[in-house]
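The values are calculated or read from the model by the stated rules, or taken from the named source; none is laboratory data. Since this is a predicted model, take the numbers as computed values, not measurements. Neighbour counts are summed over all protein chains in view; Cβ atoms, including those assigned to glycine, are modelled from backbone coordinates with ideal geometry.
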Amino acid sequence: MADPGVLIDATAVPVDRGGVGRYVDSLVAALDADGAAPSVVCQPRDVELYSDLAPHARIVPAADSTATRTARLTWEQTTLPRLVRRLGVDVVHSPHYTMPLASRAASVVTLHDATFFTDPVLHSSVKARFFRTWTQTALRRADVCIVPSDATAHELERVAQTGSAHIEVVRHGVDDERFHVPSPEERQAARDAIGIGSTPYVAFLGALEPRKNVPALIRGFAHAVADLPDPPALVLAGQPGWDRQVESALESVPYRLRVVRAGYLPFDTLAGFLGGSELVAYPSLGEGFGLPVLEAMASGACVLTTRRLALPEVGGDAVAYCGVGAGDVAAALRELLDDPARRARLASAAQQRAKEFSWCSTAERHREAYAKAAHAARVAA
């Protein structure tokens, strides 16, 4: 049986490609390479990007009025259903929680995590209410909901009180062309982007939001390296976020220690940034998947993270784990910094484990989900 025609709604992807953006971009490219040739509706600014990523796909620019969240949601509920009819597709894939409620096509929605239910204090109150509402709506209305980990599936079944019949677990992949053991030139390019010279550093990559537990990382780092004669720096790379405790944690760092807020780094410097570090620290309070951990592993980095939610599904035995408190982070950081041989063993194991995750496999599983959704919609019609 031929694959159903699929339209992927990429209009929610922001300019700065965080985890969701990398998921959508990589999925579109992998589907196109796999012969699926999806249709993609996107912001006008992304037309050239998706045309390059998916040369066999049909790329449709949405109106400029989708640039804000409110405008995009209005477009999703009014214009997108008309676009679905015009294109004649069988399935609409909404890759970021929300979905068109009046579409004639089968619906697939990606739900990235359940922390809006389990840990609402880690999000702004408005954001938590918004995503709880849309998660529950998707679980009731979508033909198939895709989640990136067993942990997310289990949490949604528990807190949203839904059965598992239409939840499909599809792990993310990693782009091994972009995330690989970096060359000396790539490491230097990352150092130049950070402005750190030749100083060794501990790396963090992610938005500075409460869920990422950055204040505990800052305090733990300061405690771990306080007595070292030549301490490494801590480099925080990623979007600013809204964690108000980051500033107070930075103010508590002794003057002789260096913490660099690198901000958003160019995508092509990330492998050099991650793989060029002494280790990557990601003491998150909970992840639906943990793409930065996987990307660091593929870049040949030693990774320190937590056992919260999906992170052990990604790291397995190839990463080091710690608790979420500053003291736990400090003890684990110091142990790794004092043991270069262990760091090297973990880095090698991480690189090997990362090969188990591919966007090609992710695309195959999405194609199965699309076919399942189209069948469910036909049966229900």
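Points worth noting:
- Scanning the range 112-146 for residues that are of a type in the set (D, E, K, R) and part of a helix (DSSP H, G or I) turns up 127, 129, 132, 140, 141.
- Test: residue in the range 3-18 that is without any contact (Cβ under 8 Å) to a residue 40 or more places away in the chain, crowded, with 20+ Cβ neighbours inside 10 Å, under 25 Å from residue 174 (Cα atoms) and over 22 Å from the mean Cα position of the chain (by Cα): no
- Test result for residue 376, farther than 30 Å from residue 35 by Cβ, more than 17 Å from the chain's Cα centre (by Cα) and assigned to a helix (DSSP H, G or I): no
- Residue in the range 81-90 that is surrounded by fewer than 23 Cβ atoms within 10 Å (Cβ to Cβ) and among the small types (Gly, Ala, Ser) present: yes
- Candidate set from the range 84-100 (those that are more than 27 Å from residue 127 (Cβ to Cβ) and touching a residue at least 60 places away in the same chain (Cβ under 8 Å)); member that is nearest to the chain's Cα centre (by Cα): 91
- Of the residues making up the range 244-296, those that are assigned to a helix (DSSP H, G or I), small (Gly, Ala, Ser) and out of contact with any Ser or Thr (no Cβ under 9 Å at 6 or more places or on another chain) are 248, 249.
- Residue within the range 336-343 that is on the phi > 0 side of the Ramachandran plot and surrounded by 17 or more Cβ atoms within 10 Å (Cβ to Cβ) present: no
- Residues in the range 156-199 that are touching a strand residue (DSSP E or B) at 6+ places or on another chain (Cβ under 8 Å) and under 27 Å from residue 309 (Cα atoms) were compared, and the one that is surrounded by the most Cβ atoms within 10 Å (Cβ to Cβ) is 156.
- Taken over the range 152-188, residues that are in a helix (DSSP H, G or I) and either under 15 Å from the mean Cα position of the chain (by Cα) or under 26 Å from residue 105 (Cα atoms) (or both) amount to 4.
- When 249, 222 are checked against the criterion of being modelled with pLDDT of 95 or more, crowded, with 19+ Cβ neighbours inside 10 Å and out of contact with any Gly (no Cβ under 9 Å at 6 or more places or on another chain), 222 stands alone in meeting it.
- Residue match in the range 27-37 (condition: crowded, with 21+ Cβ neighbours inside 10 Å, in contact with a Phe, Trp or Tyr (Cβ under 7 Å, 6 or more places away or on another chain) and free of Cβ contacts under 8 Å to residues at least 40 places away in the same chain): yes
- Candidates in the range 337-370 are the residues that are more than 25 Å from the chain's Cα centre (by Cα) and of a type in the set (A, V, I, L, M, F, W, C); of these, the one that is nearest to residue 300 (Cα to Cα) is 344.
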